[in-house]
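Report on one structure; see the data block that follows.
The values are calculated or read from the model by the stated rules, or taken from the named source; none is laboratory data. The model shown is predicted, which means the values in this text are computed figures rather than measured ones. Quick reminder, even Gly has a Cβ in these numbers, built from the backbone with ideal geometry, and neighbours come from all protein chains shown.
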Amino acid sequence: MFAEKGYHGCRIADVARQAGVAYGLVYHYFRNKDELLESVCAEQWTLFVRALRAASEGPGTAAEQLGGVCRFAVDVFRTAPAAVRVLMLEVVPTPNTFRAGSTRQTFEEAVSIVAGIVRRGATRGELRGDVDAAVAATSLLGALELTLTSMVAGIVRGGTDDEIERVKRALVDQVVGGLLPR
């Protein structure tokens with residue numbers, strides 16, 4: 001419902017109707033619409049952090065792992081565009097969404113995992129040794145966020161499989177490619 005009507009246009013009654021539950025039951029689990037949106041965001045970030053962890057612990061060079069992260073994020077847009085729309089257009093501009101709770105902690109964990117991949121890659125000579133791992137991690141995550149936001153808004157075309165593949169190649173080439181040794 002957040003994806004369909006937007007945060008401000010969506011009412012708890014809409015959510016209850018869509019879920020097939022009584023209006024009051026939604027308030028049994030969530031105090032208000034902000035808390036419901038925060039829950040959606042926290043759940044999606046948790047899934048993303050799990051994917052980051054799997055990439056970090058999986059096979060391949062650091063560049064391959066980071067490329068996998070980029071490809072995964074764009075593939076989520078392909079398979080769940082409504083979820084990406086909510087996260088990119090409704091969560092980010094909504095005040096208090098990233099308060100000091102699980103959402104902020106999962107964001108910090110995401111940065112930490114990606115920074116760990118960068119540090120390991122630099123140590124093994126797979127990535128440049130002169131980059132700040134935290135800045136590289138936030139740059140990669142920021143590039144993912146803005147790319148997905150642009151896809152949701154229709155600025156970057158991603159409606160076909162060919163367009164999705166083009167976005168993935170460009171993102172990996174430009175973001176991960178900048179971390180490769182010169």
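Take ARG120 and tell me if it is at pLDDT 95 or above, under 15 Å from LEU66 (Cα atoms) and surrounded by 15 or more Cβ atoms within 10 Å (Cβ to Cβ).
On the way: at pLDDT 95 or above: yes; under 15 Å from LEU66 (Cα atoms): yes; surrounded by 15 or more Cβ atoms within 10 Å (Cβ to Cβ): yes.
Yes, satisfied.
Looking only at the range 152-182, which residues are among the aliphatic types (A, V, I, L, M), in contact (Cβ under 8 Å) with a residue 24 or more places away in the chain, under 24 Å from VAL135 (Cα atoms) and assigned to a helix (DSSP H, G or I)?
Here is the first cut: in the range 152-182, the residues among the aliphatic types (A, V, I, L, M) are 152-153, 155-156, 164, 167, 170-172, 175-176, 179-180.
Okay, now just the ones that are also in contact (Cβ under 8 Å) with a residue 24 or more places away in the chain, so 152-153, 164, 167, 171-172, 175-176, 179-180.
Checking which are under 24 Å from VAL135 (Cα atoms) leaves us with 167, 171-172, 175-176, 179-180.
Answer for the range 152-182, where residues must be among the aliphatic types (A, V, I, L, M), in contact (Cβ under 8 Å) with a residue 24 or more places away in the chain, under 24 Å from VAL135 (Cα atoms) and assigned to a helix (DSSP H, G or I): VAL167, LEU171, VAL172, VAL175, VAL176, LEU179.
Determine which single condition LYS5 fails, assuming it passes every other condition in (1) closer than 30 Å to ASP173 by Cβ; (2) more than 19 Å from the chain's Cα centre (by Cα); (3) modelled with pLDDT under 80.
All conditions are met except number (1).
Within the range 21-62, work out how many residues are of a type in the set (Ser, Thr, Tyr), within 23 Å of ALA3 (Cα to Cα) and either touching a Leu at 6+ places or on another chain (Cβ under 9 Å) or not in a helix (DSSP H, G or I) (or both).
1
Any chance you could count how many residues in the range 3-15 are closer than 19 Å to ALA82 by Cα, part of a helix (DSSP H, G or I) and not charged (D, E, K, R)?
Filtering the range 3-15 for residues closer than 19 Å to ALA82 by Cα gives 3-12, 14-15.
From what is left, the residues that are part of a helix (DSSP H, G or I) are 3-5, 12, 14-15.
Applying the additional criterion that residues be not charged (D, E, K, R) yields 3, 12, 15.
Matching residues across the range 3-15 total 3.
Can you find even one residue in the range 134-157 that is more than 30 Å from LEU36 (Cα to Cα), touching a helix residue (DSSP H, G or I) at 6+ places or on another chain (Cβ under 7 Å), surrounded by fewer than 17 Cβ atoms within 10 Å (Cβ to Cβ) and at pLDDT 95 or above?
Looking for residues that are more than 30 Å from LEU36 (Cα to Cα), touching a helix residue (DSSP H, G or I) at 6+ places or on another chain (Cβ under 7 Å), surrounded by fewer than 17 Cβ atoms within 10 Å (Cβ to Cβ) and at pLDDT 95 or above, one finds at least one in the range 134-157, hence yes.
Would you mention how many residues in the range 144-157 are on the phi < 0 side of the Ramachandran plot and more than 16 Å from the chain's Cα centre (by Cα)?
Total satisfying the criteria: 3.
Suppose we keep only residues that are in contact with a helix residue (DSSP H, G or I) (Cβ under 7 Å, 6 or more places away or on another chain) and free of Cβ contacts under 8 Å to residues at least 24 places away in the same chain within the range 101-121. Which one would you say is farthest from ARG50 (Cα to Cα)? So that I can check it myself, show each step before the final result.
Keep residues of the range 101-121 that are in contact with a helix residue (DSSP H, G or I) (Cβ under 7 Å, 6 or more places away or on another chain), which gives 102-103, 106-107, 109-111, 113-121.
Next, only the ones that are free of Cβ contacts under 8 Å to residues at least 24 places away in the same chain stay: 115, 119.
On the way: ALA115: 15, ARG119: 19 Å.
The qualifying residue farthest from ARG50 (Cα to Cα) is ARG119.
Which one of ASP75, ASP173, ASP161 is out of contact with any strand residue (DSSP E or B) (no Cβ under 7 Å at 6 or more places or on another chain) and at pLDDT 95 or above?
Working: ASP75 fails: at pLDDT 95 or above; ASP161 fails: at pLDDT 95 or above.
So the residue among ASP75, ASP173, ASP161 that is out of contact with any strand residue (DSSP E or B) (no Cβ under 7 Å at 6 or more places or on another chain) and at pLDDT 95 or above is ASP173.
Looking at GLN18, GLN65, which is the one that is touching a Pro at 6+ places or on another chain (Cβ under 9 Å), at pLDDT 85 or above and in a helix (DSSP H, G or I)? Quick ask: steps written out before the conclusion?
Details: GLN18 fails: touching a Pro at 6+ places or on another chain (Cβ under 9 Å).
Criteria check complete, one pass: GLN65.
Being at pLDDT below 95 and farther than 13 Å from ALA63 by Cβ is the requirement here; does SER102 meet it? Explain how you work it out, then say what you get.
Working: at pLDDT below 95: yes; farther than 13 Å from ALA63 by Cβ: yes.
Spelling it out, SER102 is indeed at pLDDT below 95 and farther than 13 Å from ALA63 by Cβ.
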